[in-house]
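The values are calculated or read from the model by the stated rules, or taken from the named source; none is laboratory data. In this text, all values refer to a predicted model and were calculated from it rather than measured experimentally. Here Cβ is always computed from backbone atoms with ideal geometry, including for glycine, and neighbour counts include all displayed protein chains.
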Amino acid sequence: MIRGGCLCGAVRYEIRDAVRKLVHCHCSMCRKAHGAAFGSYVVLDRKDFRIVCGEGDVTAYESSPGVQRTFCRRCGSTLQFKSAKRPDSVELAAGTLDDDPGVKPAYHIFVGSKAPWFEITDGLPQHAARP
């Protein structure tokens with residue numbers, strides 16, 4: 001079991017099975033949502049994700065057609081990236097994990113729009129868009 005939650009603790013969640021991968025996204029929307037050079041997300045099956053408390057404190061913003069970004073309405077912590085194109089998956093902000101997800105970052109995506117002041121030096125594969 002992997003656990004996590006928002007900054008203020010109002011929202012708590014559990015992941016019941018293995019995380020498939022961890023990805024760093026450099027698109028401008030993820031950068032703005034995370035307030036950082038990139039957003040890091042763990043990807044897992046929706047059936048393995050459960051909010052255990054604070055579901056009423058989770059709200060969503062449609063950042064582009066078919067894409068919702070969820071966050072805690074109390075503290076503003078970014079929680080999920082939800083795409084209508086991938087309804088069986090959850091992309092969860094890795095920074096909200098309390099426990100080790102058991103995977104290391106796999107690659108960088110949308111590096112064509114990365115912050116000009118950030119240099120990627122970790123040697124991971126880089127993709128101009130989503131592979």
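Identify, by number, the condition in (1) closer than 24 Å to Met1 by Cβ; (2) in contact with a helix residue (DSSP H, G or I) (Cβ under 8 Å, 6 or more places away or on another chain); (3) in contact (Cβ under 8 Å) with a residue 60 or more places away in the chain that Val23 doesn't meet.
Condition not satisfied by Val23: (2).
Pick from Ala37, Ala10, Ala60: which is of a type outside the set (Asp, Glu), in a loop (DSSP other than H, G, I, E, B) and either free of Cβ contacts under 8 Å to residues at least 40 places away in the same chain or in contact with a Gly (Cβ under 6 Å, 6 or more places away or on another chain) (or both)? Write out each step before concluding.
Values: Ala37 fails: either free of Cβ contacts under 8 Å to residues at least 40 places away in the same chain or in contact with a Gly (Cβ under 6 Å, 6 or more places away or on another chain) (or both); Ala60 fails: in a loop (DSSP other than H, G, I, E, B).
Testing whether each residue is of a type outside the set (Asp, Glu), in a loop (DSSP other than H, G, I, E, B) and either free of Cβ contacts under 8 Å to residues at least 40 places away in the same chain or in contact with a Gly (Cβ under 6 Å, 6 or more places away or on another chain) (or both) leaves just Ala10.
Hey, can you tell me all the residues within the range 1-28 that are among the small types (Gly, Ala, Ser) and closer than 16 Å to Gly39 by Cβ? Lay out the reasoning, then the answer.
Step one: of the range 1-28, the residues among the small types (Gly, Ala, Ser) are 4-5, 9-10, 18, 28.
Residues satisfying the conditions are Gly4, Ser28.
Take the residues in the range 1-19 that are surrounded by fewer than 19 Cβ atoms within 10 Å (Cβ to Cβ) and at pLDDT 95 or above; name whichever of them is farthest from Glu119 (Cα to Cα). Write out each step before concluding.
Start the filter on the range 1-19 by keeping residues that are surrounded by fewer than 19 Cβ atoms within 10 Å (Cβ to Cβ), which leaves 1, 3, 7-10, 12, 14, 16-18.
From the residues that got through so far, the ones that are at pLDDT 95 or above too are 3, 7-10, 12, 14.
Values: Arg3: 31, Leu7: 28, Cys8: 31, Gly9: 33, Ala10: 35, Arg12: 33, Glu14: 33 Å.
Filtering the range 1-19 for residues that are surrounded by fewer than 19 Cβ atoms within 10 Å (Cβ to Cβ) and at pLDDT 95 or above, the one farthest from Glu119 (Cα to Cα) comes out as Ala10.
Among the numbered criteria (1) surrounded by fewer than 19 Cβ atoms within 10 Å (Cβ to Cβ); (2) over 20 Å from Ala128 (Cβ atoms); (3) among the polar types (S, T, N, Q), which one does Ser63 miss?
Evaluating Ser63 over (1) surrounded by fewer than 19 Cβ atoms within 10 Å (Cβ to Cβ); (2) over 20 Å from Ala128 (Cβ atoms); (3) among the polar types (S, T, N, Q) leaves (2) as the failure.
Which condition number in (1) exposed (fewer than 15 other Cβ atoms within 10 Å of the Cβ); (2) more than 18 Å from Gly102 (Cα to Cα); (3) among the charged types (D, E, K, R) is the one that Arg31 fails?
Looking at each condition in turn, Arg31 falls short on (1).
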